[in-house]
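A.B. asks: Got a structure here, written out as structure tokens. Questions coming.
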Amino acid sequence: MEVVLEFLFELILDGSVELSTNRKVPKPLRVLAVIVLLIVYCGLILLLGIIMMECWQAGNTTSFAVVAVIGLGIILMLAYAARKKYKEFRGRKE
């Protein structure tokens, strides 16, 4: 079951990335793909924020710091990947 869920999740994310950058795909589908990506990644960041709050309220500053560093790393990697894809997308000629 875990393998099937992992496969589906990877398929959705990879498919959304490819759809959002392909100019042959109609614009409404590209926008929908970007919205799916935003929902998934915002949900992940929200989950990390909830974990951080729980660690902070429990008084466990070490766990809070570790989760905060992981969350910040994810945000920075997403920003870097989005910027790289944007430059690649804008650099293409039709």
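A.B. asks: What residues of the stretch 43-60 lie in the reach of a label at residue 17, counting those whose backbone N is under 18 Å from a point 7 Å from the Cα along Cα→Cβ?
C.D. replies: Within reach of a label on residue 17, which here means backbone N under 18 Å from a point 7 Å along Cα→Cβ, the stretch 43-60 contributes 43-45.
A.B. asks: Report ³J(HN,Hα) in whole Hz for each residue of the stretch 50-55, in order, from the Karplus equation J = 6.51 cos²θ - 1.76 cosθ + 1.60 where θ = phi - 60°; Gly and Pro get x.
C.D. replies: Computed from phi, the couplings for the stretch 50-55 are 5, 4, 4, 4, 5, 5 Hz.
A.B. asks: Another question about this same structure. Report the FRET efficiency, 1/(1 + (r/R0)^6), for residue 86 and residue 10, where r is their Cβ-Cβ distance and R0 is 30 Å, rounded to 0.05.
C.D. replies: Details: r = 23 Å, r/R0 = 0.75.
Approximately 0.85, to the nearest 0.05.
A.B. asks: With a 1.4 Å probe and all protein chains in place, put 10, 2 in order of accessible area, largest first. List each step's numbers first, then the result.
C.D. replies: Details: 10 100, 2 145 Å².
Most to least solvent-accessible, the answer reads 2, 10.
A.B. asks: Let me make sure I get this right: for the stretch 1-48, a, b and c are the square roots of the gyration tensor eigenvalues over alpha carbons, sorted descending. Under 1.5 in a/c it's rounded, otherwise prolate if a/b > b/c, else oblate. Which is it? Could the numbers behind the result be given before it?
C.D. replies: Working: a/c = 3.41, a/b = 1.44, b/c = 2.37.
Taking the square roots of the gyration eigenvalues as a ≥ b ≥ c, the stretch 1-48 is oblate.
A.B. asks: For the stretch 26-36, take each phi angle, set θ = phi - 60°, evaluate the Karplus expression 6.51 cos²θ - 1.76 cosθ + 1.60, and give the result in whole Hz per residue in order, putting x for glycine and proline.
C.D. replies: Rounded to whole hertz, the list is x, 4, x, 5, 5, 5, 4, 5, 5, 5, 4.
A.B. asks: Right, another one. Can you tell me the orientation of helix 2-21 relative to the chain, as the angle in degrees between its alpha-carbon axis and the longest Cα principal axis, to the nearest 10?
C.D. replies: Relative to the chain, helix 2-21 is tipped by roughly 50 degrees.
A.B. asks: Further question on the same structure: Between residue 50 and residue 24, how high is the FRET efficiency from 1/(1 + (r/R0)^6) when r is the Cβ-Cβ distance and R₀ = 41 Å? Nearest 0.05.
C.D. replies: Numbers: r = 39 Å, r/R0 = 0.95.
The formula returns an efficiency of 0.55 here.
A.B. asks: Here's a follow-up. Between residue 31 and residue 1, what is the label-point separation in nm under the 7 Å Cα-to-beta-carbon projection?
C.D. replies: So the label points at residue 1 and residue 31 sit 3.8 nm apart.
A.B. asks: When Kirkwood radius over Cα pairs in Å is calculated directly from the model, which label among (1) 13.2; (2) 13.8; (3) 15.3 fits?
C.D. replies: Given (1) 13.2; (2) 13.8; (3) 15.3, the structure-derived one carries the label (3).
The values are calculated or read from the model by the stated rules, or taken from the named source; none is laboratory data. None of these values were measured; they are calculated from a predicted model. Don't worry about glycine lacking a Cβ; one is built from the backbone with ideal geometry, like all the others, and counts go over all protein chains shown. Side chains included, ligands, DNA and RNA excluded: accessible areas come from the protein's heavy atoms. Shrake-Rupley method; radii C 1.70, N 1.55, O 1.52, S 1.80 Å.
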